[in-house]
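Scroll down for the structure; my scribbles are underneath it.
The values are calculated or read from the model by the stated rules, or taken from the named source; none is laboratory data. Here the structure is a predicted model, which means the values were calculated and not measured. We place every Cβ from the backbone using ideal geometry, glycine too, and count neighbours over all the protein chains shown.
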């Protein structure tokens, strides 16, 4: 009786689990690719498109093969092959992605190639499952519709639950790489459960590949953590890498936080509290543009480098930091010396949602530190509608200062040009500063934008030497705006940044 129930249910369970695992694989894929090619819409588009195409191929081949050889052993072999291919992904992902990231092609093509190489083969095998299971379950023509509907419903329900399970639990609590281990192992177990006596040398080889891949990955992770201070952490919103290195300019030891392969989002010196990243020093311009400031908002916490500096430098001022990712704040506490302070309020919320609900004229100054990466710019904070909300919550003579990565002229300047035009549509005075004045205008670089709400503001003379030095970085060349104003309906920031990335990789 128990065996009979098992035989009737095993195909349904298989279809359900494979439907779940294909969605887990798709969602985890974005985290596997992110340290090498980012997490832009191009990455998601490529993953979704390639995996859907691979599933379609699997459906087609699976249906044809099932009609010719409706044997459960074949289905078990294909599912085990899917697990083995995921095991191969575990083993070769870093090497393959390093080659792809350095390829002299655009970001769009890199994302397509990466998705195809790492995730298409296993997805083709998973596409076999539903049509093959339908054929194995088919008893008579009269029950065809019910059988197909039931199995595809189970597959879809599995996909839905797999999506939630991956996003809400596996990524933040298990991690992306270890979830790949689970996917591969689960597929192998499902295959063996289908045909318990059909274990072959090929299957043993697949298990060996998985064990070797897990061992190599875990040993490499341990060595990097213990010898080089490298931590690879998945949060609900991003994959964060923390490493210890040496500042090439000063020779000082520093700890760096990065969410993309080319730029550091935060850094601290290990032997002092002074700011390690040059662009963050420009946030001190608040005391020049708004000397009497008391209340400041920072959107984007990351390693909380400037929030700590702000609290040390301005003992009579208050600071609210909006950081969407609670785990990023915990990383700052664990690795970047963030401490509680009665003048510091941390809000874990999306920046746009926060500014939309904030009272008018609440802040004297606003600092945006959310555009530090070309690979994952929060587009909804760049638009005309967002800038209007920022303008609304500033006091009458308030100031916004933010950084972005772009060029000033040429093919890599589209984001800067568009954002400058967007701010000039709302703020009466907008200025640009080059963090590195020696860089050519057409080179990718850190830029600082200062937008003043006051119509009659005139720069006073300053006796503050550090501020005077920063002011010499003011970019005074007339801007020739060729980009459109960004808005919620159309803000092609990722397209602009794709062009900038391609230019950066070809000229660095």
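When residue 202 is tested against (1) at pLDDT below 85; (2) assigned to a helix (DSSP H, G or I); (3) more than 23 Å from residue 17 (Cα to Cα), only condition (3) is not met.
Residue count for the stretch 114-158 satisfying the condition of being modelled with pLDDT of 85 or more and not in a helix (DSSP H, G or I): 1. Residues satisfying the criterion are absent from the stretch 298-314 (criterion: surrounded by fewer than 21 Cβ atoms within 10 Å (Cβ to Cβ), under 19 Å from residue 451 (Cβ atoms) and over 24 Å from the mean Cα position of the chain (by Cα)). Examine the stretch 295-302 for a residue that is closer than 24 Å to residue 469 by Cβ and in the same structural domain as residue 349 (by TED's automatic domain parsing), and state whether such a residue exists. Within the stretch 295-302, one or more residues are closer than 24 Å to residue 469 by Cβ and in the same structural domain as residue 349 (by TED's automatic domain parsing).
The condition of being touching a strand residue (DSSP E or B) at 6+ places or on another chain (Cβ under 6 Å), surrounded by 15 or more Cβ atoms within 10 Å (Cβ to Cβ) and assigned to a helix (DSSP H, G or I) holds for residue 171. Annotation: of all residues in the stretch 351-368 being farther than 29 Å from residue 230 by Cβ and under 20 Å from the mean Cα position of the chain (by Cα), the one that is surrounded by the most Cβ atoms within 10 Å (Cβ to Cβ) is 352. Residues in the stretch 54-74 that are free of Cβ contacts under 8 Å to residues at least 24 places away in the same chain and within 9 Å of residue 128 (Cβ to Cβ): 0 in all. Taking the numbered list (1) surrounded by 18 or more Cβ atoms within 10 Å (Cβ to Cβ); (2) at pLDDT 90 or above; (3) touching a strand residue (DSSP E or B) at 6+ places or on another chain (Cβ under 7 Å); (4) not in a loop (DSSP other than H, G, I, E, B) in turn, residue 242 passes all entries but (2). Residue count for the stretch 397-449 under the criterion of being more than 29 Å from residue 364 (Cβ to Cβ) and buried (at least 22 other Cβ atoms within 10 Å of the Cβ): the result is 5. Condition test on residue 13, is it over 30 Å from residue 216 (Cα atoms) and either assigned by TED's automatic domain parsing to the domain that holds residue 171 or buried (at least 19 other Cβ atoms within 10 Å of the Cβ) (or both)? So residue 13 fits the description; yes.
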